[in-house]
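Read through the structure below, which is laid out as structure tokens, and then see the notes.
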Amino acid sequence: MARLKIQTPCGLADILEENLKIYQFIEKVCQKAANFYNFKRIETPILEKKELFEKGIGEATEIVEKEMYSFKTKGGDKLCLRPEGTAPIVRAYFQNGMQGLPQPVRLWYFGPFFRHEKPQHGRKRQFWQFGFELLNSADPIAEILILKLFIEILRELKIQDFILEINSIGDENCQPYFKKALTQYFKGKAKSLCQNCREKLGKNVFRILDCKEEKCKIICAQAPQSLDYLCEDCKSHFKKILEYLDELKIPYYLNPHLVRGLDYYCKTVFEIFPKDEERLALIGGGRYDNLGKILFKEKLPAVGGSGGIERIILYLEKKNIKLIKEKKPQVFLAIIGEMAKIKGLEFLDELREEKIKVIDGFGKDSLKSQLRLAEKLGAKFVLILGEKEAREGVVLFKDMEKGKQEIVSLKEAKKRIKKLCH
Ligand code: HAM
């Protein structure tokens, strides 16, 4: 392969036909679920004001501190490539006056997001997410609706062996007590923590719970748990959710140290993992009742989540799950000579009008190479249109399986193809 000087930036990749079809398939599955649960599609811009995420996700989070692609425009605006979709959705809700719509408002999206992470297995700098957000509902049933929707999407994608991890991290009333207890605990163990975790101690103590270092993991295992600090309101909210899950027979694992990496969450947080996979979540989300207040000083209880397409594709590849059945083309049209090119195009037009799909050999000059392509594609019938045939309005109709061939009029060929393809 030629060594190219100009390639995609590190961590970014082209999406080729084969994978693109899976993206489109997943999008269709999401659309179907959205239609059923009455979520409306929204597309927010790829570029947003940087402060939307600084305020929304939190300045001390990994995403804002290290991972945002941000820049200053010539006009002096501080913009960034969106690292996630929830803060933009809340912005869009208020900016477009969605308070005036019947509540709660249900929105969904599908598109690329950008984080300057260290590229590795399951971590891309441009990745695609589908997300569902249910805005203006404080009812625990909202969480259940979101979770059911994601579970149905995974099942439609033939992903059966996943585990839902869930926790409650409390709200502005009780979370400070939990944070205080956590900080005190980790301060007492500071000497044994890794350098990175020591730095997080004063800034964002929750992140220590995500550390992958073995010595930190051991310390984390004994750390205080958010559930022990919940106020009555958060406790009854979470209890109701667990009851619903039990009644609906949705299995879950209560992970008392699940806190998530974005500051806007309160109460319920969840992640969905493949059962046997390293800690690479397919879907993550939770409740973010305070994001409206943080961004616009408006109350907006809400819950949502999003799934990573590349992670899902990795999982499907690993499990050898095929979502798309490749249909072999039935008919291939081989064309040789100038006159045949025109006749061939006219013939293709006629077929297109009849909504018949035929693969053509345009762009390949020799009959041999066109036949090789037809064979590679697995075409059952090959039509050969040369100069002589074009002049006489006929075509050589070749049955590749039976090895038979005969000259028929273009009209008859069309009739036969029509019968084959419908
Ligand atoms: P998140 O957990 O940061 O949450 O991302 C959601 C999902 O996106 C992850 O579970 C993962 O599948 C995928 N993902 C994240 N980063 C990468 C990456 N670098 N490469 C590949 N896939 C990745 C959010 O973004 C929240 N906005 C979710 C949410 C919606 N919460 C409430 N509503």
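No value in this document is a laboratory result; all are computed from the given coordinates. All values reported here derive from a predicted model rather than from experimental measurement. Because the Cβ atoms are built from the backbone with ideal geometry, glycine has one as well, and the counts that use them run over all protein chains shown.
Conditions tested, residue by residue: (1) more than 30 Å from residue 25 (Cα to Cα); (2) part of a helix (DSSP H, G or I); (3) touching a helix residue (DSSP H, G or I) at 6+ places or on another chain (Cβ under 9 Å).
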| site | (1), (2), (3) |
| --- | --- |
| 149 | no, yes, yes |
| 167 | yes, no, yes |
| 171 | yes, no, yes |
| 191 | yes, yes, yes |
| 216 | yes, yes, yes |
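For segment 288-314, a residue qualifies if it is outside any loop (DSSP other than H, G, I, E, B), of a type outside the set (A, V, I, L, M, F, W, C) and more than 8 Å from the ligand (Cβ to nearest atom), and the qualifying residues are 292, 293. Anything in segment 315-339 that is of a type outside the set (Lys, Arg) and in a loop (DSSP other than H, G, I, E, B)? List them, or say none. Result: 320, 321, 323, 324, 326, 329, 330, 336, 337.
One residue stands out in segment 3-46 among those that are more than 27 Å from residue 133 (Cα to Cα) and of a type in the set (Val, Ile, Thr): the one that is surrounded by the most Cβ atoms within 10 Å (Cβ to Cβ), namely 8.
Scanning segment 329-360 for residues that are touching a residue at least 40 places away in the same chain (Cβ under 8 Å) and more than 42 Å from the chain's Cα centre (by Cα) yields 336, 337, 338, 339, 340, 342, 343. Residue count for segment 95-113 under the criterion of being part of a strand (DSSP E or B) and of a type in the set (Gly, Ala, Ser): the result is 1. Of everything in segment 63-81 that's touching a helix residue (DSSP H, G or I) at 6+ places or on another chain (Cβ under 6 Å) and within 13 Å of the ligand (Cβ to nearest atom), which residue is farthest from residue 12 (Cα to Cα)? Across segment 63-81, the extreme among qualifying residues is 64. Entry remark, segment 137-147: residues being part of a loop (DSSP other than H, G, I, E, B) and surrounded by fewer than 19 Cβ atoms within 10 Å (Cβ to Cβ) number 2 in total.
Remark: pairs (first residue in segment 54-81, in contact (Cβ under 8 Å) with a residue 60 or more places away in the chain; second residue assigned to a helix (DSSP H, G or I) and among the polar types (S, T, N, Q); Cβ separation under 8 Å; 6+ apart in sequence or on different chains) = 56/86.
Please go through segment 350-388 and pick out each residue that is assigned to a helix (DSSP H, G or I), closer than 13 Å to residue 411 by Cα and of a type in the set (Asp, Glu). Within segment 350-388, just 350 meets the criteria. Filtering segment 82-106 to residues that are farther than 17 Å from residue 262 by Cα and either in contact with a helix residue (DSSP H, G or I) (Cβ under 8 Å, 6 or more places away or on another chain) or touching a residue at least 40 places away in the same chain (Cβ under 8 Å) (or both) leaves 92, 93, 94, 98, 99, 104, 105, 106. Residue 116 satisfies every condition listed in (1) in a helix (DSSP H, G or I); (2) within 15 Å of the ligand (Cβ to nearest atom); (3) under 23 Å from residue 65 (Cα atoms) except (1).
For the condition surrounded by fewer than 15 Cβ atoms within 10 Å (Cβ to Cβ), more than 16 Å from the ligand (Cβ to nearest atom) and not hydroxyl-bearing (Ser, Thr, Tyr), residue 215 qualifies.
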